[in-house]
Amino acid sequence: MSMTVRRLSRAATAGLVAAAALTAAAHSAEAADTLGSAAAGQGRYFGTAVAANHLGEADYAATLDREFSSVTPENEMKWDATEPSRGGFTFTSADRIVDHAQSQGMDVRGHTLVWHSQLPSWVGQLGASDLRTAMNDHIKGLMGHYKGEIHSWDVVNEAFQDGGSGARRSSPFQDKLGDGFIEEAFRTARAADPAAKLCYNDYNTDGVNAKSNAVYNMVKDFKSRGVPIDCVGFQSHFNSNSPVPSDYRQNLQRFADLGVDVQITELDIEGSGSAQAADYTEVVEACLAVDRCTGMTVWGVTDKYSWRSGGTPLLFDGNYDEKPAYDAVLSALGGSGDPGDPDGPGDPGDGTATCTATYTRTADWNSGYNGQVTITAGSEPISSWTATVTLPAQQSVSALWNGTPSLNGNVMTVRPSWNGTLAAGASTGFGFTVAKNGSDAAPTVGTCTAS
Ligand code: G3I
């Protein structure tokens, strides 16, 4: 679809806009029992990253439409997706997301205009002068297509290096245009869509550190010289190596004090159960404590499509069941869950927790094999499980992952490592490598015990 066609069709589709407004009104009139409505009660949006190719999946779309008030295209607005060849703009997948969001009364965050990654190779081949023109044309082309339809744009993404130096990251833009490319991108963006909030977005800037200090100094400089910048995005990808920083709130606040909005833009936290829930609570509370923290976006709807799905970092599991982290976020936003939902995590349940364990050989070679045991919760949520695996006498286990084993002779008892909490019907599993030592027989998997 060309830019012109899109703008004309937007203006001509008053019915669509009216329908979106009605849906939005319906959302806000509901009790605060979804993430979006609870966040709205706090004057914030609650968004998610969305992939166009999942919108056709009924559960995906239903969860998205019910819970979220803002969407960020996960990959569809990136340079490689929108301008794969110079001047050859293509918006099909991004339009699909924007159209879906608008039909549901959701806002759209634009991600992202200038980034070193997911950059088509032709961009890196340009000389400085051509590159400057191409960068500005890309901003104008993309922002022009969605003019008036995007609440915030990540104008520049991840331009600073990790580590202690606070230096800019090497990229075609940095290497050929120097520090000034960021300022130029923001000025071009302001002219392209004056209504959109213009954000700088980065990761590992969530606490006070050398990298966030460097971004802070840039924003301070921009504000003092009138370079147009409206917000800073904190990606907030957390796990045990990169936990929620203890000075997260203070860091958000110091940026807000520079006179910009702050947004949590790509939130996900690896883990499970109550520990993950507590981390999510901390993040939401930090945003709510900062007046200029205008909203939060989680980086995906369901664990199964997360960019790091092995870490189960999101609020809905692979079956779209609400995780303890979901309950924690809803509660931190001041919302209330549905106590009548018999499948909701944390519900007392009305029977005994159960699980099943099933075994598959996933790889096989002369001297060994890999086994995988899948643990599936029964009709009640479970908070832990135990499974036994008995190996034929000659065999021995050389490695085990996603579980905590204890060995008694050839009987391995395996308990969860990070993956104890399962919603009703949800699955996890552990894997292991076995040395055959002359026996190719299969192990026996005993009864799964849940609590
Ligand atoms: O769509 C193709 C598919 O056709 C192909 O078969 C497959 C083979 O690898 O690749 C698919 O594309 C992948 C795409 O995700 C869609 O799934 C790309 O390889 C993969 O690189 C891409 O990863 C994305 C990543 O950015 C790229 O840097 C993730 O989905 C996306 O979640 C992630 O998002 C970034 C933010 O933009 C910036 N901040 C960090 C964040 C996480 O890395």
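Readers should treat all values here as calculations from the given coordinates under stated rules, not as data from a laboratory. Because the structure is predicted, anything quoted here is derived from the model rather than measured. Ideal geometry is used to build each Cβ from the backbone, glycine not excepted, and the neighbour counts take in all protein chains shown.
Listed values, structure above:
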read-out: C-alpha long axis of helix 210-225 to longest principal axis of the chain, angle in °; value: 20
read-out: Among beta bridges that DSSP assigns inside the chain, antiparallel share in %, nearest 5; value: 55
read-out: Using a Förster distance of 22 Å, the FRET efficiency for D80-N241 (Cβ separation, nearest 0.05); value: 0.20
read-out: 222 nm mean residue ellipticity, helices alone, for the chain (DSSP H n ≥ 4; -39,500 (n - 2.57); rounded to 500); value: -10000 deg cm²/dmol
read-out: Residues whose placed amide H lies under 5 Å from that of A49, excluding near-sequence neighbours; value: T72, V298, W299, G300
read-out: The chain: relative contact order as a whole-number percent, Cα under 8 Å and 6+ apart; value: 12
